[in-house]
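Peer 1: Sending over a structure as structure tokens; questions will come in a sec.
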Amino acid sequence: MTGLGRVFDAAYPPSAPPAGAVGVLGYIGGALALNTWTSAQWQPFARLAQFPCYVPDLNADAVTQATDACNRAGALGWQARNPLTRVIIFDLETSIDAAWFTSVQRQVGSLGYQAVAYGSLPGVEQNKAAVIWGADYNGVPQLEEGQAVRGDQFAANVTVEAGGELVTVDWSIVDDWMMARAGSGPRR
């Protein structure tokens, strides 16, 4: 790893990226998504690494939701392999169900993408994910120890200037492996 990329996310996207962002995590849907970003809402971030995030309901079928997430990512133009396998982030928050997430990983993998479990550390690690984007609001932009941890949300609800307006975002850092598997665009 040669560096860490700074990524922002917000339920409702700002009109422009905040200073210092090299990536954006945005919402592509899911039963528990507060807001699903439209293609037009992704456009201001065309030059950033883009991470599609799906907010599932762990009480619903894992395979159905995994398929839906892949279809939504594809509809925005993020091809599964281009040339590396693209990631789709699954926002699990504090939910733990290793069997459920194993089914998601298997289905997402069969469709050509890589599932990433996002959630609070250390709980998210119990989902037995191959790749983890943790949340540890300690204000320190560094990755937690562990081979599976490729991203960390280190600050939440931070007010920043973006596009001439004050907005509230969360900040994460991700490693080179994760940055290489981000989408760009969207293409459609």
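The values are calculated or read from the model by the stated rules, or taken from the named source; none is laboratory data. From a predicted model like this one, the values you see are computed outputs, not experimental measurements. Cβ: placed from backbone, ideal geometry, glycine included. Neighbour counts: every protein chain shown.
Peer 1: Within region 22-42, restricting attention to residues that are touching a helix residue (DSSP H, G or I) at 6+ places or on another chain (Cβ under 9 Å) and surrounded by 22 or more Cβ atoms within 10 Å (Cβ to Cβ), which residue is farthest from ALA182 (Cα to Cα)?
Peer 2: Step by step, filter region 22-42, then rank; the result is ILE28.
Peer 1: Is it fair to say GLN107 is more than 14 Å from the chain's Cα centre (by Cα) and either touching a residue at least 24 places away in the same chain (Cβ under 8 Å) or surrounded by fewer than 23 Cβ atoms within 10 Å (Cβ to Cβ) (or both)?
Peer 2: Yes, satisfied.
Peer 1: Just to be sure I understand the filter: pairs with C-beta atoms under 7 Å, separated by 6 or more residues or on different chains, first member in region 125-153 and closer than 18 Å to VAL104 by Cβ, second member modelled with pLDDT under 90. Which pairs pass?
Peer 2: From residues that are closer than 18 Å to VAL104 by Cβ, the pairs are GLY134/LEU121; GLY134/GLU144.
Peer 1: For region 86-104, give me each residue that is among the hydrophobic types (A, V, I, L, M, F, W, C), surrounded by 21 or more Cβ atoms within 10 Å (Cβ to Cβ) and over 13 Å from PRO56 (Cα atoms).
Peer 2: Result: VAL87, single match.
Peer 1: I would also like to ask the following. Consider only pairs whose beta carbons are under 6 Å apart and that are at least six residues apart or on different chains; among these, list those whose first residue lies in region 1-30 and is closer than 23 Å to GLY74 by Cα and whose second residue is of a type in the set (Asp, Glu) and surrounded by fewer than 19 Cβ atoms within 10 Å (Cβ to Cβ).
Peer 2: Pairs that qualify, where the first residue is closer than 23 Å to GLY74 by Cα and the partner is of a type in the set (Asp, Glu) and surrounded by fewer than 19 Cβ atoms within 10 Å (Cβ to Cβ), are ASP9/ASP170.
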